[in-house]
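Input: a single structure, listed below in C-alpha cells.
The values are calculated or read from the model by the stated rules, or taken from the named source; none is laboratory data. Being a predicted model, the structure only gives us computed values, none of them experimental. Don't worry about glycine lacking a Cβ; one is built from the backbone with ideal geometry, like all the others, and counts go over all protein chains shown. Note: accessible area is taken over every heavy atom of the protein model, side chains too, but ligands, DNA and RNA are not part of it. Shrake-Rupley method; radii C 1.70, N 1.55, O 1.52, S 1.80 Å.
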Amino acid sequence: MNRKTAAVSAGVVAGALAAGMIGGALVRRRHPRDVEPLGPPPPEDLGPVDSFDGTELAVRAAGDPEAPVILLAHGFSLDMSSWWAVWPELAKDFRVIALDLRSHGASGRAVHGDLSLRAMGRDLAAVLDAVAPGRPAVVVGHSMGAVAILALAEQRPELFGPRIAGVALIGAASSDLLWGAMGSVTELLRPRLGSLQAAARRVDGLRRAVLAGPTGLSGVVARVTQFGPNAPKDVVDHVVALAQSTSSEVWTDALPELMEMDLRHAVPRVRVPAIVLVGEHDRVTPPTGAVALTGALPEGRLVVIPDAGHIPMLETPEAVVRELRGFARAVLMPPAPRSRRRRRASTGTKEGTA
C-alpha cells in the first residue's frame, strides 16, 4: 500500500470512526464472550421468524401477551441486547418484542446477501405479521433500525395507521447520515476511491487488520465517537464487543447503504404520531438533523436527551423509558372519552351546589 493509498484509507477509517460506524471495534481483540453480559434478553424465544425472502430472524418477547405491542429494532452492528436496560420496564405495561436484524446478532445471514435498508424494513413487517398479527403496535428504531422504519414507510405506507400506530425514532436521520460527523470528508473521498462500496471494503479490511494488533484504545475511541461524557465503562465495552463480532458482510454491504441513504421522500408517509429522540452529544445524527427530521414528519415531536450520545437507551435508559412509555401509552392506550351525558350531569351538579 503506497503512502497516498494509505492516507486515503486512514481517512475513510477516521471518517467512519467519527460517524460512530466502527467505534471501538477497531482495536479490541477479546471476543464478546469475554465481556460480562449487561443483562438478560427478553425471556420468550419467538423465533426464528422467516422474513419475506426466507432470512431467519431471531425474535424474543416479554410482558403480557395480551398487552399493547412495542417492537424494538436496534442499530448498525448492534443487536437486541442494546435494549437490555429498557425492555424490563416497558414490559410492565406492554408486550415488548425485540428482534435482531438480518446478519446481526442471533439472526441468520441475509438470503441472497440482501442487506438493503428496504429489506430490513420488510423484516419489521414480517415480525409484526408473525408474532402480533392484526394488532396495532408502536415501532421503535435506533439508528439503522429507525432508517428501516422509514424504508418500510416508503414501501408499505398503508401499514402506518392500522398496524403501526406510532413510531419512535432514536438517533435517526433520513439522509446525509455521515454529514453530521464528517462534514465534507465523504465527498472528498468519493472520487479517490471510486465508490462507497470500495471505501467500505477498505474499512472492513483495516478493521480486521487492526483487530490483530495491540489492544488499548478501543474504549477511548468508542467513547469519543458514540457516547456522551458519562457513559458507563461496561456499556462502552459492550458496544465495542458487539461491533467487533459483526460479520464482514455487514460492513461491506450495509455500511454503503447507510452512507448513500436518502429517504426524505418517505418521511411524509409516516402518517402516525412520531417521537424523535436524540442525545444532546450525538455526533452521528446530531440534534440539528433531528430537528429537520421532526419538522418533516406529519405528527412529529422532538425530545433531546441530556447527557447522552448516539445510544441513549444504553447511556440514560431511565429517560428513554420515560419517553417511550409516555408516548406508547398515549398512542396505544388513550384515555376513554367521558360521555357527554356524564359531563353535563357533572356540570349541572356543580352549578346546582354553587
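Between E158 and D234, the modelled label-to-label distance comes to 4.8 nm, taking each label 7 Å out from Cα in the direction of the beta carbon. So what's the gap between the Cα centers of the stretch 93-135 and the stretch 60-92, to the nearest angstrom? Here the answer is 13 Å between Cα centres. Solvent exposure of the stretch 242-281 amounts to 34 Å² per residue of accessible area, where only protein heavy atoms count and the probe is 1.4 Å. The accessible-area ordering, largest first, of the residues E158, E44 stands as E158, E44, per a 1.4 angstrom probe. Let me know the shape class of the stretch 31-152, please: from the alpha-carbon gyration tensor, a ≥ b ≥ c as square roots of the eigenvalues, rounded when a/c is under 1.5, otherwise prolate if a/b is greater than b/c, or oblate. It comes out oblate by the Cα gyration axes. Ordered from highest to lowest accessible area with the whole protein assembly present and a 1.4 Å probe, W84, W251 read as W84, W251.
Using the Karplus relation 6.51 cos²θ - 1.76 cosθ + 1.60 with θ = phi - 60°, the per-residue 3J(HN,Hα) values for the stretch 41-58 come to x, x, x, 8, 8, 9, x, x, 9, 7, 7, 4, 9, x, 4, 8, 10, 6 Hz, with x marking Gly and Pro.
Taking every Cα-Cα distance in the stretch 226-276 and sorting them into 10 Å bins from zero, the calculated P(r) comes out as 17, 27, 35, 21 percent. Rolling a 1.4 Å probe over the protein heavy atoms of the stretch 233-304, with every protein chain left in place, gives an accessible area that is 52 percent carbon and sulfur. The modelled label-to-label distance for the pair S247/D50, using points 7 Å beyond Cα in the direction of Cβ, is 1.9 nm.
Taking S107, S248 and ordering them by how much accessible surface each has at a 1.4 Å probe, largest first, produces S248, S107.
Find the accessible area per residue for the stretch 28-169; the probe is 1.4 Å, ligands and nucleic acids are left out, and the unit is Å². Can you show the working numbers first?
Working: 5070 Å² over 142 residues.
Per-residue accessible area for the stretch 28-169 comes out at 36 Å².
Across the stretch 266-310, counting alpha-carbon atoms alone, Rg and Dmax equal 10.6, 32 Å. Shape verdict for the stretch 32-88, please, from the Cα gyration tensor: rounded (a/c under 1.5), prolate (a/b greater than b/c) or oblate. In terms of gyration-tensor shape, oblate.
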